[in-house]
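Engineer: Below you will find the structure I want to go over with you.
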């Protein structure tokens, strides 16, 4: 069973990121005005048949809100605006690299089917501007008037925070050593790199702050190590972790490092990346340089640059990693109950993970339905259910199930609820459950 | 049999429970004997307490669990399905009144047992996710149900109970049959979610057909190659 105290201690980093890190905040863009860009024409959409809810972003949060807001309040006329024309999930992408699933598992899910099954419109367009006074969203395919707007654009990388400030190096890192936590094309590249790794040193970095999917870099390192071991490759994985300890499920990960991958996986805590020399394949830190043959360099994380472009960033006193300026409980932009930001652009210290976004979206759908009918509902916690596969041969996983506590006095999320459990003992049952966990999420987002 | 004739509604059985007088009834489907793979009838005395047995009912693509609660006595209560409305779960049957049955589809995100794997199982002896003994646990997201209380939700992300299946027991022969269920709209949602998979397994349209004659009933560990003990 879980050691909850151990979990709270070890994973407190994530929760601290939203509050304690504030003192070191650097963002000063909170009050930037949104550009009222108009495309000069209306989008080719049917006339709204009820209050129009526009959802920007077809990831876990946006897809779930589009579906469930319509279910909660059928009068909503829902339009999902998504710039991609092909879905592929970030969650469980690590499993693909180890050959445990196929790309079809990640990508065989249609935006069109999701829209038809759940009675909304999928609009394939890129947001270009927002006029909050006029309640108009501008896209490259025309303007859309809204009554309610939810923006769920996910994350962007922040290379400045790992000391990569020149555009040439940033561009090279994005293309040659992608983090693998934003776009599907990064996953395809990482899959190739991992499958083609024939020996030497593969470095996986872990950023500070509240980054997307806390256990994922450790999980990925374990799976690469598992492949190295299975294929008898003369190589090793080195984890350079900016944090002083594994940020979540520490006991389970350490057990895997020590018991499964001795000599194959090196874990180096408290080693923050301070620069990268791409040509020399060297990572600079405070005390050492690390040479690599290949790498997945995971920079710090911030809200999607779209949030900044639309002038919706929180002041640095509220988020030190450029996240959205929203109400803690109800997700609306402070002072504007028509516009909401959900998913990984939120400033909450929640785990930036799929299950959290999915369950949060169920709740926000209820908030929107209530407000459209002149009501309010009580806050409820999202749920973080997260499996991490630590061994590929055979597939074994560890997991966590967490809820959160809201402190009304502080108007902040202050910790995990007492029912939070970590399941640190790796086993095949949890390995198999990982696959069904993901399938359930796809069903919840795409099916009726 | 006219399955649209809700006989139990008229029979007073629901009213006799003392509550939920306006709850919808269990829908009648054909009475189908539960049998072994060789066709021999399943007898109440043969149903063990260690794991659930699986049978298809009332439609060929709908898996159900037959559970022997052992010493636990099942209760009835008003329960709610977002798809099919309120109902009162049927009482247990058998010599000890401890045999119950449910549709084996998690009402959270519709995980169900297949010949490959079952993530939903009756954890007779307790489990990591489900806690205490005698609960039905879904490994995918941790929903937990109590089969002694009509498979009502105990914990986890599901908001609703498993759908009920009504059994009958012939005291003369000790044989078991399935006679009704709730879930017509729920079944439709399940089919929409898994249509491709069900066509592949059963054939086009076959999964929607009503079970006829008898229904083969086997232990879950026989039915599914993998049953994760989460």
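Engineer: Here's a check for you: in the range A:116-137, which residue that is over 25 Å from the mean Cα position of the chain (by Cα) and more than 14 Å from chain B (Cβ to nearest Cβ) is surrounded by the fewest Cβ atoms within 10 Å (Cβ to Cβ)?
Structural biologist: A:133
Engineer: Scan the range A:86-98 for residues that are assigned to a loop (DSSP other than H, G, I, E, B) and over 15 Å from residue A:397 (Cα atoms) and jot them down.
Structural biologist: Within the range A:86-98, A:86, A:87, A:88, A:89, A:90 qualify.
Engineer: If you don't mind, another one. Suppose we filter A:361, A:438 for residues that are at negative phi, within 11 Å of another protein chain (Cβ to nearest Cβ), out of contact with any strand residue (DSSP E or B) (no Cβ under 6 Å at 6 or more places or on another chain) and at pLDDT 95 or above; which single one remains?
Structural biologist: After applying the criteria, what remains is A:438.
Engineer: Quick check on the range A:234-253: of everything there that is surrounded by fewer than 18 Cβ atoms within 10 Å (Cβ to Cβ) and in contact with a strand residue (DSSP E or B) (Cβ under 8 Å, 6 or more places away or on another chain), which residue is nearest to residue A:399 (Cα to Cα)?
Structural biologist: Step one: filter the range A:234-253 for residues surrounded by fewer than 18 Cβ atoms within 10 Å (Cβ to Cβ), giving A:234, A:244-245, A:251.
Narrowing the set further to residues that are in contact with a strand residue (DSSP E or B) (Cβ under 8 Å, 6 or more places away or on another chain) leaves A:234, A:251.
On the way: A:234: 30, A:251: 11 Å.
Step by step, filter the range A:234-253, then rank; the result is A:251.
Engineer: Looking at the range A:408-426, can you tell me whether even one residue there is farther than 16 Å from residue B:229 by Cα, surrounded by 21 or more Cβ atoms within 10 Å (Cβ to Cβ) and within 8 Å of chain B (Cβ to nearest Cβ)?
Structural biologist: Within the range A:408-426 (the criterion being farther than 16 Å from residue B:229 by Cα, surrounded by 21 or more Cβ atoms within 10 Å (Cβ to Cβ) and within 8 Å of chain B (Cβ to nearest Cβ)), the answer is no, since none of the residues qualifies.
Engineer: Considering only the range A:427-434, I want to know if a residue exists there that is outside any strand (DSSP E or B), surrounded by 20 or more Cβ atoms within 10 Å (Cβ to Cβ) and in contact with a helix residue (DSSP H, G or I) (Cβ under 9 Å, 6 or more places away or on another chain).
Structural biologist: yes
Engineer: Examine the range A:288-306 for a residue that is within 30 Å of residue A:188 (Cα to Cα), without any contact (Cβ under 8 Å) to a residue 40 or more places away in the chain and surrounded by fewer than 23 Cβ atoms within 10 Å (Cβ to Cβ), and state whether such a residue exists.
Structural biologist: Filtering the range A:288-306 down to residues within 30 Å of residue A:188 (Cα to Cα) leaves A:289-306.
Filter once more, keeping what is without any contact (Cβ under 8 Å) to a residue 40 or more places away in the chain: A:289.
Keeping just the survivors that are surrounded by fewer than 23 Cβ atoms within 10 Å (Cβ to Cβ) gives A:289.
Looking through the range A:288-306, at least one residue is within 30 Å of residue A:188 (Cα to Cα), without any contact (Cβ under 8 Å) to a residue 40 or more places away in the chain and surrounded by fewer than 23 Cβ atoms within 10 Å (Cβ to Cβ).
Engineer: For the range B:203-214, state whether one or more residues are in contact with a strand residue (DSSP E or B) (Cβ under 6 Å, 6 or more places away or on another chain), within 14 Å of chain A (Cβ to nearest Cβ) and more than 20 Å from residue B:92 (Cβ to Cβ).
Structural biologist: no
Engineer: Would you mind telling me which numbered condition in (1) more than 10 Å from chain B (Cβ to nearest Cβ); (2) buried (at least 24 other Cβ atoms within 10 Å of the Cβ); (3) in contact with a helix residue (DSSP H, G or I) (Cβ under 7 Å, 6 or more places away or on another chain) residue A:393 fails?
Structural biologist: Checking residue A:393 against (1) more than 10 Å from chain B (Cβ to nearest Cβ); (2) buried (at least 24 other Cβ atoms within 10 Å of the Cβ); (3) in contact with a helix residue (DSSP H, G or I) (Cβ under 7 Å, 6 or more places away or on another chain), the one that fails is (2).
Engineer: Follow-up question, since we're still on this one. For the range A:272-286, which positions are in contact with a strand residue (DSSP E or B) (Cβ under 9 Å, 6 or more places away or on another chain) and outside any strand (DSSP E or B)?
Structural biologist: Within the range A:272-286, A:272, A:273, A:274, A:280, A:281, A:285 meet the criteria.
Engineer: Can you confirm whether residue A:366 is within 14 Å of chain B (Cβ to nearest Cβ), at pLDDT 95 or above and over 30 Å from residue A:95 (Cα atoms)? Give the derivation first.
Structural biologist: Values: within 14 Å of chain B (Cβ to nearest Cβ): yes; at pLDDT 95 or above: yes; over 30 Å from residue A:95 (Cα atoms): yes.
Yes; evaluated as a whole, the condition is true for this residue.
Engineer: Give the residues of the range B:215-230 that are assigned to a loop (DSSP other than H, G, I, E, B) and within 14 Å of chain A (Cβ to nearest Cβ), sorted by residue number.
Structural biologist: Correct list: B:224, B:225, B:227, B:228, B:229, B:230.
Engineer: Check whether at least one residue in the range A:140-151 is surrounded by fewer than 18 Cβ atoms within 10 Å (Cβ to Cβ), touching a helix residue (DSSP H, G or I) at 6+ places or on another chain (Cβ under 7 Å) and not in a helix (DSSP H, G or I), and report yes or no.
Structural biologist: Looking through the range A:140-151, none of the residues is surrounded by fewer than 18 Cβ atoms within 10 Å (Cβ to Cβ), touching a helix residue (DSSP H, G or I) at 6+ places or on another chain (Cβ under 7 Å) and not in a helix (DSSP H, G or I).
Engineer: Criterion first (within 12 Å of another protein chain (Cβ to nearest Cβ), touching a residue at least 60 places away in the same chain (Cβ under 8 Å) and touching a helix residue (DSSP H, G or I) at 6+ places or on another chain (Cβ under 6 Å)) does residue A:400 satisfy it? Can you show your working first?
Structural biologist: Working: within 12 Å of another protein chain (Cβ to nearest Cβ): yes; touching a residue at least 60 places away in the same chain (Cβ under 8 Å): yes; touching a helix residue (DSSP H, G or I) at 6+ places or on another chain (Cβ under 6 Å): no.
No.
Engineer: Ok, one more. Which one is farthest from the other protein chains (Cβ to nearest Cβ) among residues in the range B:117-127 that are touching a residue at least 60 places away in the same chain (Cβ under 8 Å) and in contact with a strand residue (DSSP E or B) (Cβ under 7 Å, 6 or more places away or on another chain)?
Structural biologist: Applying the filter and picking the extreme gives B:122.
Engineer: Here is a further query. From the list B:156, B:130, pick out the single residue that is away from chain A (no Cβ under 11 Å), touching a strand residue (DSSP E or B) at 6+ places or on another chain (Cβ under 6 Å) and modelled with pLDDT under 95.
Structural biologist: Values: B:156 fails: away from chain A (no Cβ under 11 Å).
After applying the criteria, what remains is B:130.
Engineer: All but one of (1) within 14 Å of chain B (Cβ to nearest Cβ); (2) in contact with a helix residue (DSSP H, G or I) (Cβ under 7 Å, 6 or more places away or on another chain) hold for residue A:353; which doesn't?
Structural biologist: Failing condition for residue A:353: (2).
Engineer: Follow-up question, since we're still on this one. Looking at this structure, is residue B:147 away from every other protein chain (no Cβ under 13 Å) and at pLDDT 95 or above?
Structural biologist: yes
Engineer: Mind listing whichever residues of the range A:287-300 are outside any loop (DSSP other than H, G, I, E, B) and either touching a helix residue (DSSP H, G or I) at 6+ places or on another chain (Cβ under 8 Å) or over 29 Å from residue A:153 (Cβ atoms) (or both)?
Structural biologist: A:289, A:290, A:291, A:294, A:296, A:300
Engineer: Could you check residue A:212 against (1) within 20 Å of residue A:248 (Cα to Cα); (2) without any contact (Cβ under 8 Å) to a residue 12 or more places away in the chain and say which number it fails?
Structural biologist: Result: residue A:212 fails condition (2) only.
The values are calculated or read from the model by the stated rules, or taken from the named source; none is laboratory data. Just so it is clear, the model here is predicted, and its values are computed rather than measured. In this analysis, Cβ positions are derived from the backbone assuming ideal geometry, glycine residues included, and neighbour counts consider all displayed protein chains.
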